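Trainee: Sending over a structure as structure tokens; questions will come in a sec.
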Amino acid sequence: MPDSSLIRNLFTVPMKNLILLIIGLKGEAHGYEILKEIEKITFGNWKPSHGNLYTMLNKLAEEGLIEPREEYRGKRRVVRYALTEKGWLYLREANELALKSLYLAVQYHERLREKLREMGYGKEIPAEAIGEYIKLLDGIIDILEEKKRELEEIKRRKELRGTGS
């Protein structure tokens, strides 16, 4: 099992984007839902404290990226958050950057894996994990092939119209 502090540090940097992504995909969410989703995404290795999460939610609201909405369940007050137009635009740009970074990240990870192997720090994939690893890679390939088809179709349509924009 990887060092939990290492995993926690990997996820604290993009916490803003992660919260926005969760809210965007759910339509709206309250703090506990967000905490549980972060815990799920990080395979149970990390979840921010309530204080850190609500500080970040307040900051996102101040930036105009999310909008809080109070509702009451009996006497209990629940605040649900939804993305604003500005939040959706921010996520669109973050998603484009993430997509562009994906290819580079895979290259770096493969180069690092080879370097670690050369230096004697390589790690063999356990036999029982190989099937899951192949399934994961197949899923990534399917997503990328679909995106490639979409972009090729967009390019084809623009070429037929005679415009580059």
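Trainee: Would the stretch 89-106 turn up any residue that is of a type in the set (A, V, I, L, M, F, W, C) and more than 30 Å from Leu137 (Cβ to Cβ)?
Mentor: So far as the stretch 89-106 goes, yes, one or more of its residues are of a type in the set (A, V, I, L, M, F, W, C) and more than 30 Å from Leu137 (Cβ to Cβ).
Trainee: What are the residue pairs meeting all of these: first residue in the stretch 107-120, first residue over 18 Å from Leu137 (Cβ atoms) and of a type outside the set (S, T, N, Q), second residue open to solvent by less than 90 Å² (accessible area, probe 1.4 Å) and not in a helix (DSSP H, G or I), Cβ atoms under 8 Å, and 6 or more apart or on different chains?
Mentor: Leu116/Gly122
Trainee: Six or more apart or on different chains, Cβ atoms under 7 Å: show the pairs whose first residue is in the stretch 86-97 and charged (D, E, K, R) and whose second is at pLDDT 95 or above and outside any helix (DSSP H, G or I).
Mentor: Lys86/Gly64; Lys86/Leu65
Trainee: Among the listed residues Arg92, Arg77, which satisfies the condition of being open to solvent by 100 Å² or more (accessible area, probe 1.4 Å), modelled with pLDDT of 85 or more and over 22 Å from the mean Cα position of the chain (by Cα)?
Mentor: Sole residue among the options that is open to solvent by 100 Å² or more (accessible area, probe 1.4 Å), modelled with pLDDT of 85 or more and over 22 Å from the mean Cα position of the chain (by Cα): Arg77.
Trainee: Something else now. Could you grab the pairs with beta carbons closer than 6 Å, sequence gap of 6+ or different chains, first residue in the stretch 26-48 and assigned to a helix (DSSP H, G or I), second one open to solvent by 10 Å² or more (accessible area, probe 1.4 Å)?
Mentor: Leu35/Lys47; Ile38/Lys47; Glu39/Lys47
Trainee: Kindly indicate whether any position in the stretch 154-164 is part of a helix (DSSP H, G or I), open to solvent by less than 80 Å² (accessible area, probe 1.4 Å) and at pLDDT 90 or above.
Mentor: Looking through the stretch 154-164, at least one residue is part of a helix (DSSP H, G or I), open to solvent by less than 80 Å² (accessible area, probe 1.4 Å) and at pLDDT 90 or above.
The values are calculated or read from the model by the stated rules, or taken from the named source; none is laboratory data. Predicted model only: the values in this text are computed from it and were never measured. Using ideal geometry, Cβ is built from the backbone for each residue, glycine included, and neighbour counts are taken over all protein chains shown. Note: accessible area is taken over every heavy atom of the protein model, side chains too, but ligands, DNA and RNA are not part of it. Shrake-Rupley method; radii C 1.70, N 1.55, O 1.52, S 1.80 Å.
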